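Derivation of every value follows stated rules applied to the coordinates shown; laboratory data play no part. The shown structure was predicted, so the numbers you read here are calculated from the model rather than taken from an experiment. Counting neighbours? That spans all protein chains shown, and the Cβs are built from the backbone with ideal geometry, glycine included.
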Amino acid sequence: EIVLTQSPASLSVSPGERATLSCRATQSVTSHLAWYQHKPGQAPRLLIYGASTRATGIPGRFSGSESGTEFTLTISSLQSEDFAVYFCQQYYNWPLTFGGGTKVEIK
Amino acid sequence: QVLLQESGPGLVKPSETLSLTCTVSGGSISPYYWSWMRQPPGKGLEWIGYIFHSGRTNYNPSLKSRVSISVDTYNNQFSLKMNSVTAADTAVYHCARHSSGPDKFDPWGQGTLVTVSS
């Protein structure tokens with residue numbers, strides 16, 4: 001099973017600042033990695049797939065990148081609606097697995 | 001816009017069977033894959049398994065012995081059954097759609113909390 005480790009577990013950021021979230025895989029998933037945003041009581045929302053492709057309707061301030069087994073989600077200028085939990089998911093191999101999540105909080 | 005809604009009992013007794021249904025609106029069950037995930041309190045998400053619209057299934061080996069997923073294409077629903085539940089099965093259960101076997105999930109349901117307790 002591929003284990004995804006997200007860091008940091010939580011991040012305090014001021015509105016307008018940049019947030020950088022990391023997701024590391026225990027083995028190669030090539031580019032088969034997605035990022036989601038999850039707010040309490042709501043359905044998780046797909047942000048990025050293929051490591052760097054924004055899903056339909058996702059603002060340009062969200063971007064994804066990869067370097068080997070390390071993946072990064074960057075939110076270039078945090079808006080009030082961006083404070084949430086973000087988690088990654090690999091879809092390279094069964095069973096599909098998720099990272100533990102990063103909570104982005106208002107500083 | 002495709003919407004998914006989970007439904008089922010919020011409280012299940014230990015050793016009994018957990019049963020949940022996901023209703024799909026705004027779109028068809030075919031030709032997609034449909035998965036169940038869960039998130040125990042304070043922990044990360046776990047993929048439980050999927051069903052293809054044809055009825056083909058694939059389960060997480062960690063849960064395979066206790067889980068079954070079925071589909072009702074007529075009513076645009078799919079269901080999860082998990083037997084012999086314990087407190088460790090207490091979680092928010094989500095359903096979601098994917099377009100191929102191993103794939104990203106989009107959309108998701110908002111989830112339903114199931115508590116296992118006597």
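Here are the numbers for the structure shown:
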item: Choice from A:Ser31, A:Ser22, A:Ser76 showing the highest fluctuation, given a GNM over chain A with Cα pairs closer than 10 Å; result: A:Ser76
item: Amide H contacts of A:Gln6 (H built 1.01 Å from N, under 5 Å, at least 5 apart or other chain); result: A:Arg24, A:Gly100, A:Gly101
item: Karplus-derived HN-Hα couplings along region A:49-59 (A = 6.51, B = -1.76, C = 1.60, θ = phi - 60°), whole Hz, x at Gly and Pro; result: 9, x, 6, 9, 9, 6, 6, 4, x, 7, x
item: Cα-only Debye scattering, chain A: base-10 log of I(q)/I(0) at q = 0.13, 0.14, 0.21, 0.22 Å⁻¹; result: -0.41, -0.48, -1.08, -1.18
item: Cα centre as origin, Lys/Arg/Asp/Glu Cβ charges: chain A dipole, Debye; result: 160
item: Debye, to nearest 20: dipole size of chain B, +1 on Lys, Arg Cβ, -1 on Asp, Glu Cβ; result: 200
item: Stokes-Einstein D for region A:53-98, Kirkwood Rh over Cα pairs, 37 °C, 0.692 mPa s (µm²/s); result: 264
item: Estimated FRET transfer efficiency (A:Thr74, B:Asp72; beta-carbon r; R0 45 Å; 0.05); result: 0.60
item: Long-range HN-HN contacts of B:Gly101 with modeled amide H, under 5 Å; result: none
item: Average other protein chain Cβ within 10 Å of Cβ, residues B:99-112; result: 6
item: Inter-chain Cβ neighbour average for residues B:39-48, partner chain, 10 Å; result: 4
item: Fraction of the pair-distance distribution of the protein assembly as shown above 27 Å, Cα-Cα pairs, percent; result: 32
item: Computed magnitude of the charge dipole of the protein assembly as shown (debye, nearest 20; Cβ of K, R +1, Cβ of D, E -1); result: 80
item: Distance in nm between pseudo-label sites at A:Ser22 and B:Ser100 (7 Å out along the Cβ direction from Cα); result: 3.0
item: Per-residue ³J(HN,Hα) for region B:91-106, Karplus 6.51 cos²θ - 1.76 cosθ + 1.60, θ = phi - 60°, Hz, x for Gly and Pro; result: 5, 8, 9, 10, 10, 7, 9, 9, 8, 9, x, x, 7, 6, 10, 6
item: Rounded if a/c under 1.5, otherwise prolate or oblate - chain B, Cα gyration tensor axes; result: prolate
item: Selected from B:Arg56, B:Arg97, B:Arg38 as most flexible by GNM, with chain B as the system and alpha-carbon contacts under 10 Å; result: B:Arg56
